[in-house]
Amino acid sequence: MPAIIGPVQIFSVGGGTVQFGDTLFISPKSNTKTVAGQGGFNTGGLIVTNNGLSASNVLDANLIDQPTVGNN
């Protein structure tokens, strides 16, 4: 269903998807997989992370998560 939207200002899009209105399909142009342990993505002025034992073991049973072949 079409929608009327007001003024839109987009400063930057880094690897994301911007959609306005109806869409038949959206397909990604790139994909990544990230694995991090405890406290891996903490950000801030003062970070205190106390981990007794931290390990990131990844068992990826499926070989293809998000195929991007032919999405041009």
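Computed from the coordinates by the stated procedures, all read-outs in this text should not be read as laboratory data. Values in this document were obtained by computation on a predicted structure and should not be read as measured data.
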Item checked: Relative contact order (%) - criterion: Cα under 8 Å, at least six apart; region: the chain -> 37 percent
Check: Does region 28-70 classify as rounded, prolate or oblate by the C-alpha gyration tensor (a ≥ b ≥ c root eigenvalues; a/c under 1.5 gives rounded; else a/b over b/c gives prolate, otherwise oblate)?
Finding: oblate
Next item on the list: Take the alpha carbon gyration tensor of the chain, find the square roots of its eigenvalues, order them as a ≥ b ≥ c, and report rounded if a/c is under 1.5; if not, report prolate when a/b exceeds b/c, else oblate.
Entry: oblate
